[in-house]
Amino acid sequence: MINLILMIPLGLISIFLGWRIWKKEQITLIHDYHHARVAESDKKPYTEEVGKGCIIMGTGIILTGIINLIGSTKYGWICFVIFAVLGFRMMFRAQKKYNGGLF
């Protein structure tokens, strides 16, 4: 139960921040270093990819808490790893494509 109590707010915060980055194009929620060389014309696709990656990770955090509550924690953490890898991959790809570098 404590997992769910901790995981849901963390997941919701991640989803909220991802939504703000993606839909509101709030590039300032990303550290300056990570968007220093992003061209103004690339701002929309960059924030979209980074925001979606953040939302994917937040969804994985929430699902991990729910799965851990319902059943085996092994499956919950497997879910967490899968969603974290997918989210980080999206962010990494956007970083490399639009900022010309790595994190």
Quiz item: What is the one condition in (1) closer than 18 Å to residue 95 by Cα; (2) touching a helix residue (DSSP H, G or I) at 6+ places or on another chain (Cβ under 9 Å); (3) at pLDDT below 95 that residue 67 does not satisfy?
Solution: (1)
Quiz item: Of these, 55, 30, 15, 2, which one is touching a Ser or Thr at 6+ places or on another chain (Cβ under 9 Å), free of Cβ contacts under 8 Å to residues at least 40 places away in the same chain and closer than 24 Å to residue 80 by Cα?
Solution: 30
Practice problem: Hand me the list of helices (runs of 4 or more DSSP H) wholly inside segment 1-100 holding 2 or more residues that are surrounded by 13 or more Cβ atoms within 10 Å (Cβ to Cβ), touching an Asp or Glu at 6+ places or on another chain (Cβ under 9 Å) and of a type in the set (D, E, K, R). | Solution: 43-70, 73-99
Quiz item: Considering 28, 59, 64, which residue is polar (S, T, N, Q) and within 10 Å of the chain's Cα centre (by Cα)?
Solution: 59
Quiz item: Across segment 1-45, what is the total count of residues that are modelled with pLDDT under 95 and small (Gly, Ala, Ser)?
Solution: 3
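The values are calculated or read from the model by the stated rules, or taken from the named source; none is laboratory data. Just so it is clear, the model here is predicted, and its values are computed rather than measured. Ideal geometry is used to build each Cβ from the backbone, glycine not excepted, and the neighbour counts take in all protein chains shown.
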